[in-house]
Amino acid sequence: MKARFLALLSAIFFLFNSGSSLAADRLNVLLEWFVNPDHAPLVVAQQKGYFSEAGLEVTLIPPSDPSAVPRLVATGQADVGIHYQPNLYLDHAAGLQLVRFGTLVETPLNTVTVLADGPIKSLKDLKGKKIGFSVSGFEDAMLKRMLEREGISLSDVELVNVNFSLSPSLIAGKVDATIGGFRNFEMTQLRLEGQEGRAFFPEEHGVPIYDELVFVTRKDLVSDSRLPRFLRAVEKASVYLTNHPEEALQLFLKAYPDLDNELNRKAFTDTLPRFAKRPAALDTARYQRFGSFMADSGLVAKAPEVSELAVELK
């Protein structure tokens with residue numbers, strides 16, 4: 001009798017624990033681009049089991065159309081999206097019901113880039129020169145502010161659409177500078193092509209500092225219990241990346257062996273100090289300053305209240 005009772009307890013224990021694992025809450029995360037070192041905390045959180053510990057089954061989804069990410073999240077076709085803080089203001093102005101609830105990369109990555117051995121030694125030297133770009137709008141406003149600090153207007157330069165061919169256009173001499181290249185990739189990409197680059201950082205030339213990559217969701221999902229658990233797992237992974245960079249790199253490359261090359265290895269290292277160690281934290285004043293910049297630049301009619309597009313989950 002006692003043996004049967006113990007067997008029954010064991011069966012109940014097995015079913016209970018199996019049920020717990022099967023009951024993990026699913027969360028779909030739509031990336032802003034294909035998987036790359038910018039997503040390292042998410043990959044490490046998966047590889048280390050931090051999402052599982054939080055009772056989550058997280059699926060990372062590279063988008064077939066990066067421009068569709070905000071709309072897909074706003075309409076409930078994905079739970080979470082990775083987005084750019086500057087674009088969040090544009091989407092808010094367009095009426096999308098999106099809200100930032102966490103931060104992935106907490107510093108700008110954008111740069112104005114030139115060849116180190118070229119004639120451009122300062123932003124003043126860009127007067128009368130050609131600047132390659134890929135996406136107009138925010139980058140135009142950013143460049144305008146950077147040039148104004150040097151007494152140059154946007155009309156003093158020639159903007160050339162290079163269709164996402166930034167480094168090749170710079171190396172080939174088709175343009176004298178580029179805007180839109182990420183500092184954690186562009187410098188290494190140039191070096192691998194036998195060139196050295198020089199980067200001018202927006203936040204050092206009049207543009208208010210902003211978060212490059214943020215986590216967004218639709219407004220009616222903000223109170224969902226999965227979101228704070230997701231951020232705690234991301235935070236744990238970000239700290240692991242800081243404490244164990246080489247081990248974290250191996251976990252990343254194990255998950256995505258096709259990214260095991262010199263460019264991605266260097267980008268991984270260069271991105272480490274830029275990951276948010278407190279992804280849930282919201283710097284309201286910082287968002288206010290950047291909202292004012294967006295309005296002053298004419299990108300939005302009025303700077304929104306921070307509470308309208310960003311929250312800090314407890």
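The values are calculated or read from the model by the stated rules, or taken from the named source; none is laboratory data. What you are looking at is a predicted structure, and each value in this text was computed from that prediction instead of being measured. Cβ: placed from backbone, ideal geometry, glycine included. Neighbour counts: every protein chain shown. Note: areas computed on protein heavy atoms with side chains; ligands, DNA, RNA excluded. Shrake-Rupley method; radii C 1.70, N 1.55, O 1.52, S 1.80 Å.
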TODO: With respect to Phe164, determine if the residue is under 16 Å from Ala199 (Cα atoms) and at pLDDT below 95.
DONE: no
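So which residues in segment 18-62 are part of a loop (DSSP other than H, G, I, E, B) and either at pLDDT below 95 or open to solvent by 30 Å² or more (accessible area, probe 1.4 Å) (or both), if there are any at all?
Step one: filter segment 18-62 for residues part of a loop (DSSP other than H, G, I, E, B), giving 23-24, 31-36, 48-49, 54-55, 62.
Hits for segment 18-62 are Ala23, Ala24, Trp33, Phe34, Lys48, Pro62.
Being assigned to a helix (DSSP H, G or I) and under 27 Å from Gly194 (Cα atoms) is the requirement here; does Lys174 meet it? I'd like the intermediate steps shown before the answer.
Values: assigned to a helix (DSSP H, G or I): no; under 27 Å from Gly194 (Cα atoms): yes.
Taking the combined requirement at face value, the residue does not satisfy it.
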Open item on the list: The conditions are (1) farther than 30 Å from Asp25 by Cβ; (2) among the aliphatic types (A, V, I, L, M); (3) not in a helix (DSSP H, G or I), and Leu96 fails exactly one of them. Which is it?
Closed with: (1)
Open item on the list: Can you tell me which condition Lys127 does not meet? The list is (1) touching a residue at least 60 places away in the same chain (Cβ under 8 Å); (2) in contact with an Asp or Glu (Cβ under 6 Å, 6 or more places away or on another chain), and all the others hold.
Closed with: (1)
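Based on what the data block shows, is Lys124 in a helix (DSSP H, G or I), surrounded by 14 or more Cβ atoms within 10 Å (Cβ to Cβ) and out of contact with any strand residue (DSSP E or B) (no Cβ under 9 Å at 6 or more places or on another chain)? Before the answer, list the steps.
Numbers: in a helix (DSSP H, G or I): yes; surrounded by 14 or more Cβ atoms within 10 Å (Cβ to Cβ): no; out of contact with any strand residue (DSSP E or B) (no Cβ under 9 Å at 6 or more places or on another chain): yes.
It is false that Lys124 is in a helix (DSSP H, G or I), surrounded by 14 or more Cβ atoms within 10 Å (Cβ to Cβ) and out of contact with any strand residue (DSSP E or B) (no Cβ under 9 Å at 6 or more places or on another chain).
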TODO: Looking only at segment 202-216, decide whether some residue is aliphatic (A, V, I, L, M), in contact (Cβ under 8 Å) with a residue 40 or more places away in the chain and assigned to a helix (DSSP H, G or I).
DONE: no
Open item on the list: Tell me whether segment 214-226 contains one or more residues that are touching a strand residue (DSSP E or B) at 6+ places or on another chain (Cβ under 8 Å), surrounded by fewer than 20 Cβ atoms within 10 Å (Cβ to Cβ) and hydrophobic (A, V, I, L, M, F, W, C).
Closed with: yes
Task: Close pairs (7 angstrom Cβ cut-off, 6 or more residues apart or separate chains): more than 23 Å from Ile82 (Cβ to Cβ) in segment 277-295, open to solvent by 30 Å² or more (accessible area, probe 1.4 Å) and in a loop (DSSP other than H, G, I, E, B) anywhere - done: Ser292/Ala303; Ala295/Lys302; Ala295/Ala303
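Given the options Val80, Val105, name the one that is over 22 Å from Phe293 (Cα atoms) and β-branched (Val, Ile, Thr). Before you say what the answer is, go through the steps one by one.
Values: Val105 fails: over 22 Å from Phe293 (Cα atoms).
So the residue among Val80, Val105 that is over 22 Å from Phe293 (Cα atoms) and β-branched (Val, Ile, Thr) is Val80.
I'd like to verify a number: residues in segment 190-201 that are buried (at least 22 other Cβ atoms within 10 Å of the Cβ) and either at pLDDT below 95 or in a helix (DSSP H, G or I) (or both), how many?
Residues of segment 190-201 buried (at least 22 other Cβ atoms within 10 Å of the Cβ): 190, 197.
From what's left, either at pLDDT below 95 or in a helix (DSSP H, G or I) (or both): 190.
The total comes to 1.
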TODO: List every residue pair whose Cβ atoms sit under 6 Å apart, with the two residues 6 or more apart in sequence or on different chains, where the first one lies in segment 146-172 and is farther than 23 Å from Asn184 by Cβ and the second, anywhere, is open to solvent by 70 Å² or more (accessible area, probe 1.4 Å) and not small (Gly, Ala, Ser).
DONE: Glu150/Lys124; Ile152/Lys127; Leu154/Lys144; Asp156/Lys127; Glu158/Lys130; Val160/Lys130
TODO: Could you tell me whether segment 147-155 includes any residue that is small (Gly, Ala, Ser), touching a helix residue (DSSP H, G or I) at 6+ places or on another chain (Cβ under 9 Å) and surrounded by fewer than 18 Cβ atoms within 10 Å (Cβ to Cβ)?
DONE: yes
Open item on the list: Could you list, ordered by first residue, the pairs with Cβ atoms under 6 Å in which the first is in segment 78-93 and farther than 16 Å from Gly298 by Cβ and the second is β-branched (Val, Ile, Thr), at least 6 apart or interchain?
Closed with: Val80/Val29; Val80/Thr217; Gly81/Val69; Gly81/Val73; Gly81/Val216; His83/Val214; His83/Val216; Gln85/Val214
Task: Check on Val105, among the β-branched types (Val, Ile, Thr) and more than 23 Å from Asp38 (Cα to Cα) - done: no
